[in-house]
1. For the condition more than 17 Å from residue 115 (Cβ to Cβ), among the acidic types (Asp, Glu) and modelled with pLDDT under 95, what is the one hit in 59, 76?
2. If you check residue 53 against the conditions, is it at pLDDT 95 or above, of a type outside the set (Phe, Trp, Tyr), farther than 30 Å from residue 315 by Cβ and touching a strand residue (DSSP E or B) at 6+ places or on another chain (Cβ under 6 Å)?
3. Among the residues of segment 304-346, count how many are small (Gly, Ala, Ser) and under 16 Å from residue 185 (Cβ atoms).
4. Tally time: how many residues in segment 92-121 are hydrophobic (A, V, I, L, M, F, W, C) and free of Cβ contacts under 8 Å to residues at least 60 places away in the same chain?
5. In the list 212, 278, which residue meets the criterion of being of a type outside the set (S, T, N, Q) and touching a strand residue (DSSP E or B) at 6+ places or on another chain (Cβ under 8 Å)?
Amino acid sequence: MSFVVKISFVQIFEPNLDLLRQAFGNNIQSCHAELIKIALGWSRVYRVTLSHQGHSTRESVVVKTIDPNGPANPLEAERELRFYQVIHPDLCIPKPQVYFLTTDDATGFHVIVMEDLSSTHHIPTHPYQWRCNELKSVLHAYARLHTRTLKSLDYAWLAPRHESQLNFEKISEQAEMVQRAGIWGDLPDLPNLISYARESCKKYAEEKVTLIHGDTTPANALLPQDLTQPAVLIDWQDVGVGMPEFDLAYLDLQPFESARLIPRSELLDLYWHFRADIDSNIPSREERRARQLHADVVNTLWLVGSASRVALHPYPEGTYPHLHWASQFGIVYNRLKALMQEINKP
């Protein structure tokens, strides 16, 4: 039997005894769910403590519930569930055990039940800045992820390439919305950056793509006790296809400057060092710079659209999204200005 609560027209599907018995059998005597994360307003993560009949020990699992009516595009709602069903088993990266995947018949909610790694891994909370050894662990995971050859990436539910989501005609207007809100200052060279992106997108239109995580923040990268090992990447809500450099681009665009404790050049060199241990076909340093600049420009311009929507409809003060964008606005603005200078370098 499903358990759905409606609050202000938002449906909430909470983990309950029926669900946990579907996942683990009827010997589950009771369960207690603690909400630990709200993502995007329509996705919630719970830590659920289980009690078994005849056993005094208690264990916990992580349960993620996803409202099918939350996003504008229904494919976004099913993306993470399909990822765990289809792609996750073939990935050669450290990962939690997935116990149960389902779509609730009564509500349509997607549900993911997986291993709770909180006792063996460090899970940072925002705001947080990775130390050097922690970031190495994340980059190690990226290198493994980006070199994995998969049977297919041709799934409609995967997020498409960032390049395909740019509307070049609207970027200047979107930036002006943020400026009119008093958040950004002048961006006189924005037209030049847009022109650069147009040509760069043509250059890399046929470039080979790989699976990218799309949202590796500290809270989404569980750190092992031995930081020479790869981090465990979780929260695959934004998983998609693209050049691997786009995952690296986002490291430089995160709120709270999570990856800024080491120089960017050192960060990129660390990533390619890990890649070289796995893949002998590494681009030259000059080509790496060109590919990364393409990803940096496109990813930053893509975030201009998000910034304009938030400027027009701000999140309530005191909420995490408000805190997120209070930091993100300045980071995107400063990155735009830095990229305007970089594209003019010889």
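The values are calculated or read from the model by the stated rules, or taken from the named source; none is laboratory data. Source: prediction; values computed, not measured. Backbone-built Cβ (ideal geometry, glycine too); neighbour counts: all protein chains shown.
1. Residue meeting the stated conditions: 76.
2. Taking the combined requirement at face value, the residue does not satisfy it.
3. Residues in segment 304-346 being small (Gly, Ala, Ser) and under 16 Å from residue 185 (Cβ atoms): 5 in total.
4. 5
5. 212
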